[in-house]
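A quick write-up on the structure given underneath.
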């Protein structure tokens with residue numbers, strides 16, 4: 001008799017323990033978190049969906065799947081700072097592989113994988129100046145190992161519960177996603193969405209690989225942006241994080257950059273290097289501390305001596321760029337990067353056949369001073385406060 005009673009208690013306790021994980025599994029499954037990257041890319045190009053995963057560190061595999069599917073003539077490579085370059089600015093097929101390169105060693109490794117999938121005609125590569133700073137490189141935090149979408153981990157099953165507890169996900173959204181992810185509500189856009197970030201915030205990669213920061217762009221985030229600028233100014237003062245001070249250029253970074261150049265030469269890919277822009281107030285502060293950033297002044301001359309051309313857009317003020325066209329001190333928005341492309345087209349006539357110049361000019365005229373360009377207003381439930 002006692003044996004049966006213990007068995008019932010064991011079964012009840014086991015069910016009590018595993019039920020929350022069954023529910024969270026259903027949640028991440030219905031949200032599309034477990035779809036393969038190839039399936040996600042295919043869905044995106046059939047439906048113009050936004051893909052934003054909350055539980056898989058899979059940007060590299062996603063971008064390689066994008067290369068296999070799109071096989072673009074033009075692509076961009078770099079850190080998160082280049083993620084606002086979009087298809088609408090180009091006449092030919094384009095893909096954005098930004099967000100996967102955190103230093104030049106990783107850039108070289110990713111390029112080897114990319115060229116094995118597809119060889120584009122042009123690569124536009126944004127170079128973050130701190131990739132050449134030995135002080136930054138030796139203190140750079142290790143990034144977590146990639147987690148495949150299909151891999152079920154303890155973290156994937158427990159994080160939704162933690163997000164519920166912290167009210168980052170509402171019980172209503174959690175419940176609706178389990179019932180039907182297609183009907184899961186977002187108050188921001190009407191775009192189809194895949195992944196928890198996509199569903200909840202309309203945040204994630206667009207079908208061209210560029211980034212859409214839905215929750216940041218479509219809400220009044222003035223205080224958040226102000227705090228980000230203040231934090232960057234404090235980092236310049238203290239010489240911390242990306243704004244570490246430095247006097248010399250790292251020799252290993254130059255070696256990796258040369259390897260990237262040689263890889264593109266071997267495949268006959270036209271390679272364009274550029275320095276992405278800083279918000280004007282941030283670049284001015286860096287110039288006020290120019291003695292602390294001697295390594296930046298040395299980069300261009302060293303590259304030029306090695307026969308490597310780079311277009312320097314650190315200072316976007318000559319292109320009429322302003323702070324409000326930036327998400328923070330070093331992440332430019334749509335208009336900031338369209339200003340960059342327009343300048344590239346004027347400097348190199350070769351670019352005229354690749355860049356959609358009329359579209360770029362119209363966007364700059366219409367959305368000057370704003371971070372986001374709106375090409376499909378019917379897809380937005382909310383427009384940014386400035387639009």
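The values are calculated or read from the model by the stated rules, or taken from the named source; none is laboratory data. Since we're looking at a predicted model, the values are computed, not measured. In this analysis, Cβ positions are derived from the backbone assuming ideal geometry, glycine residues included, and neighbour counts consider all displayed protein chains.
A count restricted to the range 262-280 and to residues that are in a helix (DSSP H, G or I), free of Cβ contacts under 8 Å to residues at least 60 places away in the same chain and surrounded by 15 or more Cβ atoms within 10 Å (Cβ to Cβ) stands at 1.
Scanning the range 222-252 for residues being in contact (Cβ under 8 Å) with a residue 12 or more places away in the chain, within 13 Å of residue 133 (Cβ to Cβ) and assigned to a helix (DSSP H, G or I) gives a total of 3. Residue-level check: of (1) under 20 Å from residue 331 (Cα atoms); (2) under 21 Å from the mean Cα position of the chain (by Cα), residue 199 misses just (1). Scanning the range 59-93 for residues that are farther than 20 Å from residue 371 by Cβ, in contact with a helix residue (DSSP H, G or I) (Cβ under 8 Å, 6 or more places away or on another chain) and not in a helix (DSSP H, G or I) returns 75, 77, 91, 93.
Filtered by the rule that a residue be free of Cβ contacts under 8 Å to residues at least 60 places away in the same chain, part of a helix (DSSP H, G or I) and within 20 Å of residue 73 (Cβ to Cβ), the range 338-387 gives 342, 345, 349, 350, 351, 352, 357, 358.
For (1) at pLDDT 90 or above; (2) buried (at least 21 other Cβ atoms within 10 Å of the Cβ); (3) farther than 24 Å from residue 226 by Cβ, each residue gets a yes or a no:
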{"position": "310", "(1), (2), (3)": "yes, no, yes"}
{"position": "323", "(1), (2), (3)": "yes, no, no"}
{"position": "328", "(1), (2), (3)": "yes, no, no"}
{"position": "340", "(1), (2), (3)": "yes, yes, yes"}
{"position": "352", "(1), (2), (3)": "no, no, yes"}
{"position": "357", "(1), (2), (3)": "yes, no, yes"}
{"position": "361", "(1), (2), (3)": "yes, no, yes"}
{"position": "367", "(1), (2), (3)": "yes, no, no"}
{"position": "378", "(1), (2), (3)": "no, no, yes"}
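Does the range 104-124 hold any residues that are touching a residue at least 60 places away in the same chain (Cβ under 8 Å) and surrounded by fewer than 20 Cβ atoms within 10 Å (Cβ to Cβ), and which are they? Correct list: 105, 108, 112, 115, 119, 121.
One residue alone among 135, 139 is out of contact with any strand residue (DSSP E or B) (no Cβ under 6 Å at 6 or more places or on another chain), touching a residue at least 12 places away in the same chain (Cβ under 8 Å), closer than 29 Å to residue 278 by Cα and surrounded by fewer than 19 Cβ atoms within 10 Å (Cβ to Cβ), and that residue is 139. Looking only at residues of the range 201-221 that are touching a residue at least 60 places away in the same chain (Cβ under 8 Å) and in a helix (DSSP H, G or I), we find that the one that is surrounded by the fewest Cβ atoms within 10 Å (Cβ to Cβ) is 216.
Mind listing just one residue for me: the one in the range 298-323 that is part of a helix (DSSP H, G or I) and in contact with a helix residue (DSSP H, G or I) (Cβ under 9 Å, 6 or more places away or on another chain) and, of those, farthest from residue 277 (Cα to Cα)? So, considering only residues that are part of a helix (DSSP H, G or I) and in contact with a helix residue (DSSP H, G or I) (Cβ under 9 Å, 6 or more places away or on another chain), the one farthest from residue 277 (Cα to Cα) is 302. You will find that of 50, 22, 40, the residue that is farther than 29 Å from residue 108 by Cα and either surrounded by 15 or more Cβ atoms within 10 Å (Cβ to Cβ) or out of contact with any helix residue (DSSP H, G or I) (no Cβ under 6 Å at 6 or more places or on another chain) (or both) is 22 and no other. Scanning the range 283-295 for residues that are part of a helix (DSSP H, G or I) and either touching a strand residue (DSSP E or B) at 6+ places or on another chain (Cβ under 8 Å) or surrounded by fewer than 18 Cβ atoms within 10 Å (Cβ to Cβ) (or both) returns 283, 284, 286, 287, 288, 290, 291, 292, 294, 295. The residues listed here are 306, 232; of these, the one that is modelled with pLDDT under 95 and either out of contact with any strand residue (DSSP E or B) (no Cβ under 8 Å at 6 or more places or on another chain) or outside the structural domain of residue 63 (by TED's automatic domain parsing) (or both) is 306.
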